[in-house]
1. Label L159 and K204 with points 7 Å out from Cα along Cα→Cβ: what is the distance between them in nm?
2. Let me know the Kirkwood hydrodynamic radius for the chain, please, with Cα pairs as the basis and the value in Å to one decimal.
3. Pull up all non-local amide H partners of F208: gap of 5 or more, or a different chain, and H-to-H distance under 5 Å with H placed in the peptide plane.
4. Let me know the shape class of region 116-224, please: from the alpha-carbon gyration tensor, a ≥ b ≥ c as square roots of the eigenvalues, rounded when a/c is under 1.5, otherwise prolate if a/b is greater than b/c, or oblate.
5. Quick one: work out the % antiparallel among DSSP beta bridges in the chain, nearest 5.
6. For the chain, list the DSSP H helices whose alpha carbon atoms reach 24 Å or more along the long axis and whose average Kyte-Doolittle value is -1.0 or above?
7. For the pairs K163/K227; K163/K237; K180/K207, note any where the Cα-Cα span goes beyond 32 Å.
8. Tell me, what is the percent relative contact order of the chain, built from C-alpha pairs under 8 Å that lie six or more residues apart?
Amino acid sequence: MSFQMSRKQWALSLIYGQGIIIVLTVLNAFFPQYLSYWFIIFIVVMVVYMYFMMRSQLKHITSKEAKEIKGGRLLYKPKPDEIRELQVRDKLLVQELKPMMKFTFLSFIILIATFIWYPIYFGYANNIAHSGNVDMATKIALYLIGYETPYAVVMGTNLLSRKGMREMVQVLNNYEIYDKGLLGMGLTIKFPASDLPYEVTVSKSRKFVQFEQKKGNAVVKYRLYTKSPERVVEILKRYGRISDVKEIS
C-alpha cells in the first residue's frame, strides 16, 4: 500500500464497511435466493468505495489546484525511462521498499483467499438457510460471519501494516514541475510554497529530491528521481520559494 489513511479516513472506512455488511446480511437473510446478485452488488460497491478512498492519490489529475498548476509553464519533466534507470542504480531502494512489498504480496494472497471464501462459504450458508428448519436469527448470524470474516482479516492486516511500517517510500514514476507548482502521483504542491507541510531533502549521490511528511505514526517519503537534482532544487527555491532543502547521503 502506497498511502496511509488518516484517522478520519480509517474511521469512515470502518463505518462504511460495517454499514454495507449489515445491509447485505439482512438482504441475504430475507432473500437468500438472490445471493449471487448480492455478491455482485457487494463487489461493485467495494470497487466504488476504493476509488473514492484513492481520490487523494489522483489530485494531480482531478483537482482544481492541479488544473491551475498545469496552466503554467512547464519547467521540468523527466522521461520515465530515466526514472526507472535511476531506481535500478539505487541499491538502497530495494531495502527501503521491502516492508511495502511484503504487505503488497500479503494483500494479494488475502484477495485470492477472499474470492475463494465467498462462493464456498456462502454456498454452505445458503444451503442451511434454504433447509426450512432455521430461524431468522441463525440466518443473520450465518451471513454476518460470511461477510465479517474476510473484512476482519483485511482490516486487521491493514492495521498491522500501519503499525509495522514506520517509513514508506512512494516513488513518483511520472511527475511534472511548472512555474506554478509540482504534480505527481499523491503529491500536489502549488507555488509559492513557503508554508510547505513537508521536509524537503536532496541526495546528489542517489539522484533524487524527496518530500517527507508525517502521517500518523509513519513517515511517507515522496521521491522524485532525477539526473539533475541540483536543477530541481534550484527550481523549487526560485519558483516555489522553498529555501530549506537539506542534503542527505
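1. Distance between the two pseudo-spin positions: 4.8 nm.
2. Kirkwood hydrodynamic radius for the chain: 20.9 Å.
3. Distant-sequence amide H within range of F208: S203, T226.
4. It comes out prolate by the Cα gyration axes.
5. Antiparallel bridges: around 75 percent, rounded to the nearest 5.
6. Once both thresholds are applied, what remains is 7-30, 35-53, 91-129, 136-164.
7. Violating the 32 Å Cα-Cα cut-off are K163/K227; K163/K237.
8. 25
The numbers here are math on the coordinates, done by the rules we state, and not lab data. Quick caveat: nothing in here was measured; it's all calculated off a predicted structure. Glycine also receives a Cβ, built like all others from the backbone with ideal geometry; neighbour counts cover every protein chain displayed.
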